[in-house]
Amino acid sequence: MYNFTYHRASGLRQATNMLGKFADAKLLAGGQTLLPTMKQRLASPADIIDLNKIEGMSGIELKGRNLVIGAMARHADVASSPVVRHAIPALAALAHMIGDPAVRHRGTIGGSIANNDPNADYPAACLGLAATIVTTKRKIVADEFFKGLFETALAPDEIITKVSFPVPKKAAYQKFRNPASRFALVGVFVTRRPSEVRVAVTGAGASGVFRVPAFEAALKKRFSPKSLEGLTIPADGLAGDIHGSAEYRAHLVGVLARRAVADAG
Amino acid sequence: MPAVSLTVNGKAVKATVEPRTLLVQLLREQLRLTGTHVGCDTSQCGCCVVHVDGKAIKSCTMLALQAEGAEVLTIEGLATADKLHPMQEAFRENHGLQCGFCTPGMIMTAVDMVHRLGHELDERTIREELEGNICRCTGYHNIVKSIAAGAKAMSGAPPHQAAE
């Protein structure tokens, strides 16, 4: 890892000022992606701004019909939170499937979303649950937030503070895990909301997380795995690599979507 | 170089480190606590697992400076003067190791597992919880046995006897 200057931010305003001041800075949340990336010299920021000592960024609470999770909440906290398990059990289950126990003790929801890895789990939950990402500047709906591979709508000096998830009627996440990396080869998050059905897919898209309107329309008519029988998605525009071809991933999307609907009940 | 103050195995420690120094490097190279190992250095293998503020983490994937003010527990901090920790004893009794390289991480993960999930751990739970710890010798069978026995022993119950 190349050396850098380390800054420990004590508040969000200070962290924002630092982002404005240093041209080549990176925020450090859980560090479970950033630090390995820096070791591989795929990233070599001149300045690291550590968010871990900022108070009040990891709360988890139910506010009316929304589950609000602080950006620095660790995956282990989300997975074991009685509030999350009661309000959106599928989200707690998803957090429990990330990495391994030690990684879950460090990794954060905000870090995962800001990184927008095309194989990460949380982007599927945000898009599938119609979450709103709250930042130091504004509120961004999930449909507008994820912009492509490792790309988001975040401005260079903007920091995620929390994520707000409307509590759905039903939701489930099904993940076909890469056994080595523990990332999703494909993951499908299905949600039944009062006004709509959402099907969000991670791991498969050549430009990151996406929704499947054809599946959503079929499920809106009748929320049952049977509604998806015979429906497929084209392999065009999907990712293919040594772990699985685009055709294989397209097949998995259908299988996992049906399983998720069955699981959501 | 920046300074960091933390508690390691109950003792207050001060050190100056480069910003890029990893927690595991501080432990091994400066504090000479070489029980914590570096296997893969890519947060896969779990040989470097230590507890920070009571939670198991991979010390190859945390900066030393991030441990400012933290309580760190390493494998060296488990045993008392002449008595092994019940989990260490269980690994010895159940032959939970061969070469021993992964063992410190396995034991730190196992103790964390007991803290979170209690003293009655079934095989499936243990195997699932071990997904971040890789052993290339044992095939895990005796590690799983060791952890189940160690978990019980940590509650003060009579220790599980090895099969042979």
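Packing, taken as the mean count of other beta carbons within 10 Å per residue, orders the peptides B:116-129, B:26-39 from highest to lowest as B:26-39, B:116-129.
Put +1 on the Cβ of each Lys and Arg and -1 on the Cβ of each Asp and Glu in the protein assembly as shown; which of A:Ala239, A:Ser44, B:Asn142 then has its Cα farthest toward the positive end of the dipole? Comparing the listed Cα positions along the dipole, A:Ala239 ranks first. Largest first, the three principal axis extents of the alpha carbons in the range A:5-50 are 30, 21, 12 Å in whole numbers.
With both bridge residues required to lie in the protein assembly as shown, what share of the DSSP beta bridges run antiparallel, to the nearest 5%?
On the way: 51 of 61 bridges.
Of those bridges, close to 85 percent are antiparallel.
Among A:Tyr2, A:Tyr173, the order by Cβ neighbours within 10 angstrom, fewest to most, reads A:Tyr2, A:Tyr173. Taking GluC sites (Glu not before Pro) as exposed when DSSP calls them loop (any state but H, G, I, E, B) and at most 13 other Cβ atoms lie within 10 Å, what is the longest stretch of chain A free of them, the sites themselves excluded? Result, exposed sites excluded: A:56-195. The spacing between the range A:1-24 and the range A:116-145, judged by their C-alpha centroids, is 24 Å. Dipole magnitude for the range A:1-130: computed about the Cα centre from +1 point charges on Lys and Arg Cβ and -1 point charges on Asp and Glu Cβ, it is near 160 debye.
Inter-chain Cβ neighbour count for B:100-112, averaged per residue, equals 1 (cutoff 10 Å, partner chain atoms only). Here's the list of lysines a cross-link from A:Lys21 could span, going by alpha-carbon distance under 21 Å and ignoring same-chain residues fewer than 8 apart: A:Lys53, A:Lys137.
Could you tell me whether the range B:43-104 comes out rounded, prolate or oblate from its Cα gyration tensor? Rule is a ≥ b ≥ c as square roots of the eigenvalues, rounded for a/c under 1.5, then prolate if a/b exceeds b/c, otherwise oblate.
oblate
By the beta-carbon count within 10 Å of each Cβ, the least crowded to most crowded order of B:Met113, A:Met18, fewest first, is A:Met18, B:Met113. Look at where the Cα atoms of the range A:51-99 and of the range A:236-255 average out, and the two centres are 30 Å apart.
Dipole check for the range A:167-265: with +1 at the C-beta of Lys and Arg, -1 at the C-beta of Asp and Glu, and the Cα centre as origin, the magnitude is about 560 Debye. Of the trypsin sites (Lys or Arg not before Pro) found in the range A:18-106, those in coil by DSSP whose Cβ has at most 15 other Cβ atoms within 10 Å are A:Arg41, A:Lys53, A:Arg65. Under 4 °C and 1.567 mPa s, how fast does the protein assembly as shown diffuse according to Stokes-Einstein, given a Kirkwood radius computed over C-alpha pairs? Answer in µm²/s, whole number. Reported coefficient: 57 µm²/s. The three principal axes of the C-alpha atoms in chain B carry coordinate ranges of 53, 30, 25 Å, sorted with the longest axis first.
Rounded to the nearest 10 degrees, the angle from helix A:12-21 to the longest Cα principal axis of chain A is 70 degrees. Highest mean first, the peptides B:104-112, B:48-56, B:17-25 sorted by other C-beta atoms within 10 Å per residue fall in the order B:104-112, B:48-56, B:17-25. Other residues whose C-beta falls under 12 angstrom from the C-beta of A:Leu67 contribute a net charge of +3, scoring Lys and Arg +1 and Asp and Glu -1. For the cross-link pairs B:Lys14/B:Lys145; A:Lys147/A:Lys221; A:Lys170/B:Lys152; A:Lys220/B:Lys55, the ones whose C-alpha atoms lie over 32 Å apart are B:Lys14/B:Lys145; A:Lys170/B:Lys152; A:Lys220/B:Lys55.
Averaging the Cα positions of each part gives two centres, and for the range A:161-212 and the range B:3-40 these lie 39 Å apart. In a simple Cβ point-charge model (Lys, Arg +1; Asp, Glu -1; nothing else charged), the range A:5-50 has a dipole of about 20 debye relative to its Cα centre. Could you give me D for the range B:3-77, from Stokes-Einstein at 37 °C and 0.692 mPa s, where the hydrodynamic radius is the Kirkwood radius over C-alpha pairs? Units µm² s⁻¹, please. D = 277 µm²/s. Please build a GNM for chain A, connecting alpha carbons under 10 Å apart, and tell me which residue among A:Asn17, A:Asn52, A:Asn116 fluctuates the most. Among A:Asn17, A:Asn52, A:Asn116, the largest GNM mean-square fluctuation belongs to A:Asn17.
Across chain B, Cα pairs under 8 Å and at least six residues apart give a relative contact order of 23 percent. Projecting the Cα atoms of B:Asn94, A:Gly64, A:Leu27 onto the charge dipole of the protein assembly as shown (Cβ charges, centred on the Cα centre) puts A:Gly64 farthest toward the positive pole. Take every Cα pair under 8 Å whose residues are at least 6 apart in sequence, average their separation, divide by the length of the range A:118-209, and the relative contact order is 36 percent.
A short reminder: the numbers here are calculations on the coordinates, not readings from a lab. If you're wondering where the values come from, they're calculated on a predicted model, not measured in any experiment. Note that each Cβ is placed from the backbone with ideal geometry, even for glycine, and that neighbours are counted across all protein chains shown.
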